[in-house]
Amino acid sequence: MELAQVRLLVSDFAACYHFYGEVLGLKPQSGATEGPYEKFSPAIGSAGIALQDRSMMAEVLGELGDSASGHRSLVVLRVDDLDAYCEAVASRGGDILHGPAPMTDRMRVAHLKDPEGNLVELQEWLLLRSG
C-alpha cells in the first residue's frame, strides 16, 4: 500500500485553487482553476495535496444534503488489487460504503470511513499517467 495523497474536499474551488497555487506557491498539475479536481505538488518530493469539489464526492457516495456540512478531507491509499484489499478490510470489520467501482477510465475506487467519520479512498490504478 502507498499513501497517494491527502485530498481536501472544498466548496469554493476557485478560492482554494488560488490559495494553494498562488499564495503557497505549489505547482498545479493540470491548471483546472474551476475544478472539480486539481493536484498540487511542492518543488521537492512526490507527495502532494489535491483539491476536489465537495459536492462531487457527495454524489459519488450518494450522500445528499448541504455541501457545506459534508466531508472536508479524504485520505487516499493506493493498492495493487482493490477487490482483494476490500475483502480483507471487510473481514477485519471495515464497512465499505462505495465500490469497488470505476472512478475514471484509469482507476477503480472504494470508500470507507474511519471510526471518527473521516473518509478514506482506496484506489487501484488500471493505467498509469503518461509523461
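The values are calculated or read from the model by the stated rules, or taken from the named source; none is laboratory data. Nothing here was measured: the structure is a model prediction, and the numbers come from that model. Quick reminder, even Gly has a Cβ in these numbers, built from the backbone with ideal geometry, and neighbours come from all protein chains shown.
If I filter segment 40-49 for residues that are touching a helix residue (DSSP H, G or I) at 6+ places or on another chain (Cβ under 7 Å), in a strand (DSSP E or B), modelled with pLDDT under 85 and more than 19 Å from Met1 (Cβ to Cβ), do I get at least one hit? Yes - at least one qualifying residue is present in segment 40-49. Consider segment 1-39 and keep the residues that are in a loop (DSSP other than H, G, I, E, B) and of a type in the set (Ser, Thr, Tyr). The one that is surrounded by the fewest Cβ atoms within 10 Å (Cβ to Cβ) is Ser30.
When segment 100-121 is filtered for residues that are at pLDDT below 90 and farther than 19 Å from Arg54 by Cβ, only Pro115 remains.
Glu87 - would you say it is more than 15 Å from Arg7 (Cβ to Cβ), at pLDDT 85 or above and assigned to a strand (DSSP E or B)? Criteria not met by Glu87. Only a single item in (1) under 22 Å from Lys39 (Cα atoms); (2) modelled with pLDDT of 80 or more is not met by Leu61, and it is number (2).
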